[in-house]
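Student: Can you keep this structure in mind? I'll have questions shortly.
Please treat every number below as a calculation from the coordinates, not as lab data. What you are looking at is a predicted structure, and each value in this text was computed from that prediction instead of being measured. Counting neighbours? That spans all protein chains shown, and the Cβs are built from the backbone with ideal geometry, glycine included.
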């Protein structure tokens, strides 16, 4: 990143994000809670992408009404799981019968 003419780098620890998402989602099912995010964020993203395509097609700006904002999940819900290592390979024949 460059800010004010100065370069800086920031490293982030590796994490297994998918494991935390599965744990959180299964906990919601077991505790009969509605998971966050609800899917509305994805819908909002799709609206933006569709507007971009329409704008590129028509050559004009595309506007749409704002999407309702919901409160973001608390940092208290953060789940940490270590990153997984490189998977072990299995010595087997390719399903396409081509050499790998």
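Student: For n ≥ 4 DSSP H runs only, could you compute -39500 (n - 2.57) per run for the chain, divide by its residues and tell me the 222 nm figure to the nearest 500? Kindly include the intermediate steps, with their values, before the conclusion.
Tutor: Details: 2 runs with 33 residues, N = 100.
Theoretical 222 nm ellipticity from helices: -11000 deg cm²/dmol.
Student: Quick one: grab the alpha carbon gyration tensor of the stretch 13-77, order the square roots of its eigenvalues as a ≥ b ≥ c, and give me rounded if a/c is under 1.5, else prolate or oblate depending on whether a/b is larger than b/c.
Tutor: On the way: a/c = 3.14, a/b = 2.23, b/c = 1.41.
Verdict is prolate for the stretch 13-77.
Student: OK, next. In nanometres, what is the gap between the two model label sites at residue 70 and residue 28, each 7 Å from Cα along Cα-to-Cβ?
Tutor: That separation, rounded to one decimal, is 0.7 nm.
Student: Round to the nearest 10 and give me the degree value, 0 to 90, for the angle of helix 40-58's Cα axis relative to the longest principal axis of the chain.
Tutor: The answer is roughly 60 degrees.
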